[in-house]
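Some notes on the structure that comes next.
The values are calculated or read from the model by the stated rules, or taken from the named source; none is laboratory data. What you are looking at is a predicted structure, and each value in this text was computed from that prediction instead of being measured. Cβ: placed from backbone, ideal geometry, glycine included. Neighbour counts: every protein chain shown. Each accessible area value is taken on the protein alone, full model and side chains, heavy atoms only, with ligands, DNA and RNA left out. Shrake-Rupley method; radii C 1.70, N 1.55, O 1.52, S 1.80 Å.
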Amino acid sequence: MLDTVSLENGRLSDAQVAQYWQDGFLFPLPAISVQAALAARAELELLESSWRSADLPNPLNTYKRINSHVVMPVAARVALDRGVLDVIEGILGPDILIYSTEFFIKEPNTRQIVSMHQDLTYWGLGAIDGLVTAWIALSPATPASGCMNFVAASHKNAILGHEDTFDPDNLLSRGQEVKVDVPDEDKTAIEIHPGQMSLHHGLTIHGSGPNTTDDRRIACVVRYIRPDMAQQVGEKGYAMLARGTDHFGHFEHVPVPEHPFTPDALALYDKIRRMQAQIMMKGAKGETEMYT
Ligand SMILES: O=C(O)CCC(=O)C(=O)O
């Protein structure tokens, strides 16, 4: 296991911030304690066993796969963790919103992959630098379990052309793949362990292979955004205020959920999902649901 990048009083140094802007990613960083990571996993797995899709308006997987922070207290708790926000502040500054929180799960010995892509391709936010993703491991992410691979400095590109594959083994909404051949030697394997995180820029080319181990590969993935960013394709966006002040009002603020799947949170979730689906699925061929 790699040693984590050491922080100064829980914050990134100027050199670490410069490294992030140079490579478009930074890892392995301390995020939450191992105990907190295992507790978050246990809470997620309790939700999985106690809530069936039949009890919810959308399949349970949808709520795990996007905007989990709106309906699942465990997702909001991880995303609002003070230590994580102290690190994010080094990249985004003192005012921070949570754009989305997602559980990226690969079941043991499965074929699910994530094709090489840039996150910002279909989010309607433009080719911005005011968004950073914290990928927080709740179980080991290794080459064998299908950890992410990043292409260094690829965030210096514009949004590149992507092709929709709609491959059922692809965890992405459209199975989108960047139309660039990425040789294996250009990929850095992002091995991290429970409680650690990696950060990546919204334009960094990345993907991941299948989980060939006997354990689940589980990450809580948080997209943090600066309040001056704005939705450019759809209506006004939604986000949760995590720290500081939102002086811009580009995003409607969502409340922190206190209990899982309350009727109010489920109604808000659907409003957000409908708006985001229009943006994410714009131009997609055929009738495609988002993360069902
Ligand atoms: O979890 C993975 O393997 C991929 C996650 C990803 O694409 C992302 O966090 O942007």
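Results, tabulated for the structure shown:
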{"item": "So Pro94, is it touching a residue at least 40 places away in the same chain (Cβ under 8 Å), open to solvent by 10 Å² or more (accessible area, probe 1.4 Å) and away from the ligand (no atom under 16 Å from the Cβ)", "result": "yes"}
{"item": "Among the residues listed as Val256, Val182, Val222, the single one being in contact (Cβ under 8 Å) with a residue 12 or more places away in the chain and open to solvent by 70 Å² or more (accessible area, probe 1.4 Å)", "result": "Val256"}
{"item": "Failed item, numbered, when Glu45 is tested on (1) open to solvent by 20 Å² or more (accessible area, probe 1.4 Å); (2) in contact (Cβ under 8 Å) with a residue 12 or more places away in the chain", "result": "(2)"}
{"item": "Residue check, Val114 crowded, with 16+ Cβ neighbours inside 10 Å, within 16 Å of Arg243 (Cα to Cα) and within 16 Å of the ligand (Cβ to nearest atom)", "result": "no"}
{"item": "Any hit, the range 76-91, residues being touching a residue at least 24 places away in the same chain (Cβ under 8 Å) and open to solvent by 60 Å² or more (accessible area, probe 1.4 Å)", "result": "yes"}
{"item": "Residue in the range 34-47 that is touching a Gly at 6+ places or on another chain (Cβ under 6 Å) and closer than 19 Å to Ile136 by Cβ present", "result": "yes"}
{"item": "Among the residues listed as Gly209, Gly244, the single one being surrounded by fewer than 22 Cβ atoms within 10 Å (Cβ to Cβ), at positive phi and over 16 Å from the mean Cα position of the chain (by Cα)", "result": "Gly244"}
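Per-residue answers, yes or no, for (1) within 28 Å of Val256 (Cα to Cα); (2) in a loop (DSSP other than H, G, I, E, B); (3) within 9 Å of the ligand (Cβ to nearest atom):
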position	(1), (2), (3)
Thr110	no, yes, no
Thr133	yes, no, yes
Ser139	yes, yes, no
Gly146	no, yes, yes
